[in-house]
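Q: After the C-alpha cells below, expect a handful of questions from me.
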Amino acid sequence: MAEKKDAVKAVETKEAAPNAAKATEKKPEEKKAAATKTETEKKAPAKKTPAKKADPKTNVVVEFAGRQTVVKDVLAAATKAFKATHKGVNIKTIDVYVKPEENVAYYVVNGEGSDDYKVNL
C-alpha cells in the first residue's frame, strides 16, 4: 500500500511541476505588451527646446535745443503719473507723444487722453 501512495504522490508532483512552470511563464499577449512598452520608451527621444535669443538692449533718446531726454524715462513717468491719479485702473495700452518744443510729453491710456495727461520733460 505504501507503494501506491508513493506512486500517486510522484504522479501528482510530475503533473504539478509542468503547471507551475506554465504559471510563471508570460503569456504571448503579455510578452507583446511588455515589448511594445519598451519599444515606445526607446523611440520617444527627449524634446529639445530651442535657445531663446536675447533681445538687444535699446535706448531711445530725443534731442532738441541742446537737451536730451531718454524715452524710457518719459514712459515710466507717464505711467507713474497715470497710476497716481487713477488708482485701481489697469493699463492695457499707453501711447506717449513727446513735444520737445513745449518741453512736455502727452500720453493716452487705454485709448483715452486729456490735456491733463502730460509729463514735463
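Q: Could you give the length gained on full extension between Phe64 and Thr85, defined as 0.36 nm per residue of separation minus the Cα-Cα distance, in nm?
A: Working: separation 21, 0.36 × 21 = 7.56 nm, distance 2.93 nm.
4.6 nm is the gain from fully extending Phe64 to Thr85.
Q: Right, something else. Cα-Cα over 29 Å: which of Lys53/Lys118; Lys87/Lys118; Lys52/Lys118; Lys92/Lys118? Before the final figure, lay out each step's value.
A: Values: Lys53/Lys118 36 Å; Lys87/Lys118 17 Å; Lys52/Lys118 37 Å; Lys92/Lys118 18 Å.
Going by Cα-Cα distance, Lys53/Lys118; Lys52/Lys118 fall outside the 29 Å limit.
Q: Let me ask something else. Take the Cβ-Cβ distance between Ala54 and Ser114 as r, set R0 to 41 Å, and report the resulting FRET efficiency rounded to the nearest 0.05. All intermediate terms of the calculation are to be shown ahead of the outcome.
A: Working: r = 38 Å, r/R0 = 0.92.
Calculated value: 0.60.
Q: For the range 54-84, which trypsin sites (Lys or Arg not before Pro) are both in a DSSP coil and crowded by at most 12 other Cβ atoms within 10 Å?
A: On the way: sites: Lys57, Arg67, Lys72, Lys80, Lys83; in loops: Lys57.
Sites meeting the loop and neighbour criteria: Lys57.
Since every read-out is calculated from the coordinates, none of them should be taken as a lab result. Note that the coordinates shown come from a computational prediction; the quantities given were computed from them, not determined experimentally. Ideal geometry is used to build each Cβ from the backbone, glycine not excepted, and the neighbour counts take in all protein chains shown.
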